1. Based on the Cβ-Cβ distance from residue 532 to residue 78, what FRET efficiency comes out when R0 is 51 Å, to the nearest 0.05?
2. Can you list the HN-Hα couplings for segment 429-442, worked out from phi with the Karplus curve (6.51, -1.76, 1.60; θ = phi - 60°), rounded to whole Hz and with x for Gly and Pro?
3. Run the reach check for residue 223 against lysines, Cα to Cα strictly under 22 Å, same-chain hits fewer than 8 apart removed. What comes back?
4. Taking the Cα-to-Cβ direction at residue 477 and at residue 432 and moving 7 Å from each Cα, how far apart do the two end points lie in nm?
5. If each residue's Cβ is checked for other Cβ atoms within 10 Å, how do 29, 595, 84 rank with the fewest at the top?
6. Rounded to the nearest Å, what's the spacing between the alpha carbon centres of segment 172-235 and segment 571-618? Just the number, please.
7. Quick one: what are the phi-derived ³J(HN,Hα) couplings along segment 414-428, Karplus 6.51/-1.76/1.60 with θ = phi - 60°, whole Hz, x for glycine and proline?
8. Can you pull out the GluC sites (Glu not before Pro) in segment 541-615 whose DSSP state is coil and whose Cβ has at most 14 other Cβ atoms within 10 Å?
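What follows draws every value from the coordinates through simple rules; no lab data is involved. Everything numeric here is computed off the predicted structure, so don't read it as measured data. Cβ atoms come from the backbone with ideal geometry, glycine included; neighbour counts cover every protein chain shown.
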Amino acid sequence: MLRLLGIILLLNTTINAHAHPDPHSFANSDAVRITEMTLNLEVNFKKQQLQGSNTFRYQIITPDSQEIILDTRDLNIKKVTYQSDQNSGKLKWELRTKQDNLGQALVIQLPEHIADITVHYHTQPQASGLQWLDAEQTAGKKHPFLFSQSQAIHARSWLPLQDTPSVRTPYQAIIKAPENLRVVMSAQNQAERSTDGVYQFKMPQPIPSYLIAIAVGDLEYKKISEHVALYSEANYLDKAAYEFALTEQMIKEAEALYGPYRWGDYDLLVLPPSFPFGGMENPRLSFITPTIIAGDRSLDSLIAHELAHSWSGNLVTNASWRDLWLNEGFTSYFEARITEAVHGTDRMKMEAALNLQSLKAEMADMEPHLQALVVTENIKDPDDVFSSVAYDKGRFFLEWLETKVGRLTFDQFLNQYFDHFAFQSISTEQFLSYLDQHLIKPSNGKIKMSAVKDWIYEPGLPADLPVPTTRKFKVIDAQLKGLILNHQNLSKIKTTDWTTQEWLHFLKALPANLSQDQMTSLDQVFKFTEAQNAEIAHVWLLMAINNDYQPAFGKLIHYLQNIGRMKLIVPLYETMAESEKHLSLGEKIYKAARSGYHNLARFKIDPLFPSLSEQQEQ
Ligand code: BES
Ligand code: ZN
């Protein structure tokens, strides 16, 4: 009997050891793991394809493994070869059946002895991780543009690899592009343009697959401080240099908080406005939307955020997407600390208050299981885990820990945490056991593990959440209290010196339902329809749709045709799609703007206008 139990236990542990580490990857990385990659690709704008190869080295973890499994999606595999000092030749391979959201497993028979394996392939125009822009869709209008967005699981649509954050590899690349264009990657970049269109890259540190990135375009280069340079189309270069001038100081503050920046230089790539995100923390080269160029540095916390990922995410990475909050929650906390150091406590608190307001609003409509920091139920598409829960609930959880033990102790803890897990991918449970040992136990009862687990595994927000308050918003609330919203009263509100955050709070503090007269007065006094700040315009345009304020609709059309950042455009389309009166306006605008949007944006907006996709299918 005991023996039988022993066998069952043994079986169980074997099964666990072989349990799939990441449900969103086909890779058998627990048996055979890629350790290094070299990309060799040619960029073909006419065919909208990357063509070439990925050569990789690997390590056998489970002896006698016969095959290595990679992730692919919409890739055309031509052949697989191997090469070692002794031998070279072709390898057998097979693409397994396509699965929704995940793509296809590429199974390669391993050669007899360890060798470099090369997969020869090309991408398809619909690659979910690439956006190909025509010249007209760029600011300069003369040259086409290409950029990648690999997070969460889109790297597999432009290179065959083990597409899971639990595998980290260094990479190198040789990229051939049209001669008049520049190529940049999430790696060491060369400041000079090449004369023959060939660019070489090296990322010496091991990084997870979702951080592999490329962009190709008519990119100018401008060094703006000791460790920071900008890449962008010429039109944004000077404006961006002013807007992001505090980046160097942010790096210094970040290092003072959590230890050395370990990636060499830190550069920023300003993308065309169709970039679907605010920013993407590609190592050494964050990708940034131009919609944060406000002229007054008021939206540069986004730079603090992407920079902060150089520790939380790029250095210590979530092992799977269920643990996303380890990346985004830590980064949001860290972002706030950098912003506070660079712009002061008022700015940080105002942003905190605005974020908490959005978090509460978003959570109100969310199923309970999605409100936990760790999403334990099956997630079909990992892009769906990116809600303000991972970001802001995660951030407030860390702030809660900070208030329990004090800033000094908490900073020391975080500093050691980043050092301890540097260049590793970890699960929430690994974090918890480290937290228990290094913060909870030494805190002598100041923090209860049961309360920590509530934050992590339970829906909602705990009662002792640290609520951010700021005098600046109270002044606005006091002026608005009981105010009849007419031209005369509005003109008396003291708005001199208001920052973006105060304008946002003011707009959000107004009643949801406003009359035409009230909207007109607001517009006449504050010129909201003319707002150049993309965040302020966004909130105003939402109000304009909700209150059918047609004088702002011209601006609405222009805004949606020129911006592709999902956070700014999707809510506008949703609001139009929800109202009978504005559904056809939404359809009309989307029909004209759709071709300029990224695939990811289309995935989100298409379902809002089903009649449009029916037309397209016909
Ligand atoms: N890693 C994210 C971008 C991302 C989000 C990629 C979802 C794939 C799926 C990036 O660090 C980020 O969080 N960007 C935010 C900015 C931030 C200040 C909250 C964004 O894009 O708005
Ligand atoms: Zn982030």
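1. The value I calculate is 0.55.
2. 5, 5, 4, 4, 6, 5, 4, 4, 5, 9, 10, 5, 4, x
3. 202, 239, 252
4. Roughly 3.5 nm, to one decimal.
5. 595, 84, 29
6. 34
7. Karplus-based 3J(HN,Hα) across segment 414-428 equals 5, 4, 5, 4, 5, 5, 4, 9, 3, 6, 10, 10, 10, 9, 4 Hz.
8. The qualifying sites are 580.
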